[in-house]
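The block underneath contains the structure these notes are about, expressed in structure tokens.
The values are calculated or read from the model by the stated rules, or taken from the named source; none is laboratory data. If you're wondering where the values come from, they're calculated on a predicted model, not measured in any experiment. A quick note on method: Cβ atoms are made from the backbone with ideal geometry, for glycine too, and the neighbour counts reach across all protein chains shown. Heads up: the accessible areas ignore ligands, DNA and RNA and are worked out on the full protein's heavy atoms, side chains in. Shrake-Rupley method; radii C 1.70, N 1.55, O 1.52, S 1.80 Å.
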Amino acid sequence: GEDVKPFTPEKTKEIVMSLQQPAVFCNMVGDWPALHWNVKYLSAVLEGKTIQFRLGLKTVDLVPQFETSCNYVEATLEEFLAWSCGQPCLSGPFSCYDYSKYWAYADYKYIARIFEDKPEIFQDVRWSDFGFPGRSGKESTLWIGSEGANTPCHLDSYGCNLVLQVQGRKRWHLFPPGDTSFLYPTRIPYEESSIFSKVNIANPDLKCFPKFRNSTAHVVTLSPGQVLLVPRHWWHYVESIDPVTVSINSWIELDADHEARVEEAITRMLVCAIKSAENPSDGDLWLNPTEVEATSHEINLQYLNKAVSAYLKCQETSVSGQARSSSTAAEQRTNTSCKRKRREVGCEPEGCTLLMQECGFPTPKAEELQKIPFGPHLIQVLPESHKTNVMGGAVAVESDSRDLLHENEGEHFGKLHCKRKRLLMSNDCETAAHQMDSDCSPCIPQTALSTSDLLDCLVNPRVISLVAQLLLERTKV
């Protein structure tokens, strides 16, 4: 009857773990109690408990509105709901913020923390339907925003992401990993597992960031009852487009996160060491509010060693598992040949992928993509036209259970753990510290290089990936 879902948990997990492009699941959560988690309901459950809201300006600037530049208030959901409905606030936490000028966002709220005295509510979220038994609201985060609330464009270093839309609609602008160099990655503000873009996706400054013209946005408007899959290392800028929005998400751990953790530990050590050495009176808010403090060099070194140990343990488990599965002489000969080749190429991520193909091992991405059952219950988020993207006039893919795709002139629009594919990134400093168009001056004089400029080059994900490989090679000697 009504509870029959289009995909079994096993099939859904297979899709989630193999699909390398964003897609929307429809008709998978109709019986989830969490679909009733609108702000009014959550306000009653929290019984006057306050949570932190981030406030930003609705005016769109050329510079991203990072969390370090926002204001913060503690408020109840009842106070937020009254403010978001346009009711005048003569007193209270929102009294200084005109609703017509500001948006508010209670983002990244761990459900396990805000509902710690009501653990029964965790079962309202049933990620077991997606093939992850035991995963509930306890392993999820809650996002509550007003119209205009947004998350700066970034990619997550760990895992892939499942996002359930509960109330209102959100527009997602997604960019593939291959577009990384076009998005000008930065680690300032610093937050573990988040690599931010210097580009304000809503209003890109093409004079300062000309390579953004080459990016390809995948845009989708997520409606209540739909679940978006954000694959590993896909960039995303998210904005609330209704007066009130509620979302629930969970990050799914991947084997590749082991190497990503080594890279993140290296990045943390470098950023903390260099930025902590600056004069604190400069007022540079380089640490994101989500990071409690700048950890010491000793603690960061401990993180690095733990990450390396976890990576090596994963590698040992993987190798022993492969050895047990080799049951025939032909397989043994193949394995021997592959080991020889692996030694020759140093087993870098790209090399290992090629070896798997050459040696006859299955390549899940290629094989599983042919089995992906796209249709009314699983909608691809396809790229919008290049011309539309460059002009900044994004045509969002209006998403409902019937059709998430929009056509224009014949074209479709649209914080976990072994090996990581190296991103196709280019160093922002490859030709000049600051690029310029032929008819304009550079954004910042080349003689005014800052510590953050140096860090953008030093901790560029491509550089960090190479350092991690070299470091891991040392552990094998």
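Would you mind finding the one in PRO243, PRO231 that is more than 17 Å from the chain's Cα centre (by Cα) and either at pLDDT 95 or above or not small (Gly, Ala, Ser) (or both)?
Answer to the selection: PRO243.
Going through region 136-147 one residue at a time, which ones are open to solvent by 30 Å² or more (accessible area, probe 1.4 Å) and closer than 18 Å to VAL16 by Cα?
GLU139
Hey, can you tell me all the residues within region 453-477 that are open to solvent by less than 20 Å² (accessible area, probe 1.4 Å) and not aliphatic (A, V, I, L, M)?
ASP456, ASN460, PRO461, SER465, GLN469
Could you check region 1-119 for strands (runs of 3 or more DSSP E) lying wholly inside it with 2 or more residues that are open to solvent by less than 10 Å² (accessible area, probe 1.4 Å)?
So the answer is 23-25, 50-57, 102-110.
Quick check on this structure: which one of SER181, SER193, SER197 is open to solvent by less than 30 Å² (accessible area, probe 1.4 Å), within 30 Å of CYS272 (Cα to Cα) and in contact with a His (Cβ under 7 Å, 6 or more places away or on another chain)?
So the residue among SER181, SER193, SER197 that is open to solvent by less than 30 Å² (accessible area, probe 1.4 Å), within 30 Å of CYS272 (Cα to Cα) and in contact with a His (Cβ under 7 Å, 6 or more places away or on another chain) is SER197.
Checking the structure you have, find out if any residue of region 148-166 is in contact with a Lys or Arg (Cβ under 9 Å, 6 or more places away or on another chain), modelled with pLDDT of 95 or more and open to solvent by 30 Å² or more (accessible area, probe 1.4 Å).
Checked against the condition, which is being in contact with a Lys or Arg (Cβ under 9 Å, 6 or more places away or on another chain), modelled with pLDDT of 95 or more and open to solvent by 30 Å² or more (accessible area, probe 1.4 Å), region 148-166 yields no hits at all.
Go through (1) open to solvent by 40 Å² or more (accessible area, probe 1.4 Å); (2) at pLDDT below 95; (3) over 25 Å from ASN71 (Cβ atoms) for SER281 and report which single condition fails.
SER281 satisfies all of (1) open to solvent by 40 Å² or more (accessible area, probe 1.4 Å); (2) at pLDDT below 95; (3) over 25 Å from ASN71 (Cβ atoms) except (3).
Suppose the filter is assigned by the TED database to the domain that holds PRO204, closer than 30 Å to GLU78 by Cβ and not aromatic (Phe, Trp, Tyr); does LYS13 pass it?
No, not satisfied.
Quick check, is HIS173 farther than 27 Å from LEU270 by Cβ and either more than 16 Å from the chain's Cα centre (by Cα) or outside any loop (DSSP other than H, G, I, E, B) (or both)?
In short, yes.
Are there any pairs, at least 6 apart or on different chains, whose C-beta atoms fall under 6 Å, with the first in region 191-220 and more than 24 Å from ALA23 (Cβ to Cβ) and assigned to a helix (DSSP H, G or I) and the second open to solvent by less than 40 Å² (accessible area, probe 1.4 Å) and at pLDDT 95 or above, and if so, which?
Listed by first residue and then by second, the contacts come to PHE212/VAL199; PHE212/PRO204.
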